[in-house]
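*Asks:* Structure provided below as structure tokens; questions to follow.
Where a number appears in this text, it was derived from the coordinates with a stated rule and is not lab data. Just so we're clear, the structure is a prediction, and the values are computed from it rather than from any experiment. We place every Cβ from the backbone using ideal geometry, glycine too, and count neighbours over all the protein chains shown.
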Amino acid sequence: MVLLEARADIKVVFTDIEMPGSMNGLKLAFAVRDRWPPILIIIASGRIRPDPHEMPAAVTFLRKPYSATAVLEAVRHAA
């Protein structure tokens, strides 16, 4: 969040659902969507498969393990 507040050139946020600390990837995705709607969001997880209504609108979900090609396709698709 600190980086997003400090920089206007960030176009994509790629996050895992499970992260250390008080904010998981889903909370991060909702916060980013709320404050920076144009930023593309990609959420990944190998254990959790959220339902579409549990994620912000216009988010791409990638199941782990994923390939570099899958990540590039997700960015292209989201753009």
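*Asks:* Does Leu3 satisfy being surrounded by 14 or more Cβ atoms within 10 Å (Cβ to Cβ) and of a type in the set (A, V, I, L, M)?
*Replies:* no
*Asks:* May I ask you to list the residues in segment 32-79 that are charged (D, E, K, R) and touching a Gly at 6+ places or on another chain (Cβ under 9 Å)?
*Replies:* Arg63, Lys64
*Asks:* Counting residues that are on the phi < 0 side of the Ramachandran plot and over 13 Å from the mean Cα position of the chain (by Cα), which helices (runs of 4 or more DSSP H) fully inside the chain reach at least 3?
*Replies:* Answer list for the chain: 2-6, 68-78.
*Asks:* Sticking with this structure for a sec: Give me the pairs: first residue in segment 60-74 and of a type in the set (Asp, Glu), second residue in a helix (DSSP H, G or I) and surrounded by fewer than 16 Cβ atoms within 10 Å (Cβ to Cβ), beta-carbon distance under 8 Å, and six or more apart or on different chains, which are they?
*Replies:* Here the result reads none, with nothing in segment 60-74 linked to a residue that is in a helix (DSSP H, G or I) and surrounded by fewer than 16 Cβ atoms within 10 Å (Cβ to Cβ).
*Asks:* Got at least one residue in segment 14-28 being exposed (fewer than 13 other Cβ atoms within 10 Å of the Cβ) and within 18 Å of Ala70 (Cβ to Cβ)?
*Replies:* no
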